[in-house]
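Report on the following structure.
The values are calculated or read from the model by the stated rules, or taken from the named source; none is laboratory data. Everything quoted here is computed from the prediction, not taken from an experiment. Cβ sites come from the backbone with ideal geometry, for glycine too, and all protein chains shown count toward neighbours. Note: areas computed on protein heavy atoms with side chains; ligands, DNA, RNA excluded. Shrake-Rupley method; radii C 1.70, N 1.55, O 1.52, S 1.80 Å.
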Amino acid sequence: MIAVALYRPHPGKENELREIVKEHGPALVAEGLITEHPMLQLGAEDGTIIEIFEWKSVEAKDQAHKSPVIWPIWERMMAVAEMTSLGSLKEAHQPFPTFQRLTL
């Protein structure tokens, strides 16, 4: 199961969001919830951060919602960003959209 997660920072919260996102991938790995395929982190023109990763299973995805490690990270993300969709991005409305690779 490939997941595409998008986080659009609230005004002035860009750096705070980046710091939280830095923790997300390592926490998912430490909890054994995602596969060994490297997580891809991208940036959209409007500052939205896009993460692409692979859940180990449907059960792993469900377990993340109950994890005492993952859920607090998501709560902090939701406090500084809007969880949004691909269709909300300017890039999504053009053929062959491109994004910036992020190194967090």
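Observations on the model:
- On Cα atoms only, tilt of 14-30 relative to the major axis of the chain in degrees: 30 degrees
- Once the 1.4 Å probe is applied to the protein heavy atoms, the chain comes out at 60 Å² accessible per residue.
- Under the convention that each Lys and Arg Cβ holds +1 and each Asp and Glu Cβ holds -1, the size of the dipole of the stretch 24-104 around its Cα centre is about 60 debye.
- Solvent exposure, largest accessible area first (probe 1.4 Å, DNA, RNA and ligands not counted), of 67, 88: 88, 67
- The stretch 55-104: trypsin sites (Lys or Arg not before Pro) falling in loop per DSSP and having at most 14 other Cβ within 10 Å: 66
- Helical mean residue ellipticity (222 nm; -39500 (n - 2.57) per DSSP H run of 4+; nearest 500) of the chain: -10500 deg cm²/dmol
- Solvent-accessible area of the chain (1.4 angstrom probe, protein heavy atoms only): carbon and sulfur portion equals 56 percent.
- Between the stretch 1-38 and the stretch 69-104, the alpha-carbon center distance in angstrom: 9 Å
- Ordered by 1.4 Å accessible area with all protein chains kept, 98, 84 run largest first as 98, 84.
- Phi to ³J(HN,Hα) by Karplus 6.51 cos²θ - 1.76 cosθ + 1.60 over the stretch 63-68, Hz, x for Gly, Pro: 5, 4, 5, 10, 5, x
- Ranked order, 4, 80 - accessible area, probe 1.4 Å, largest first: 4, 80
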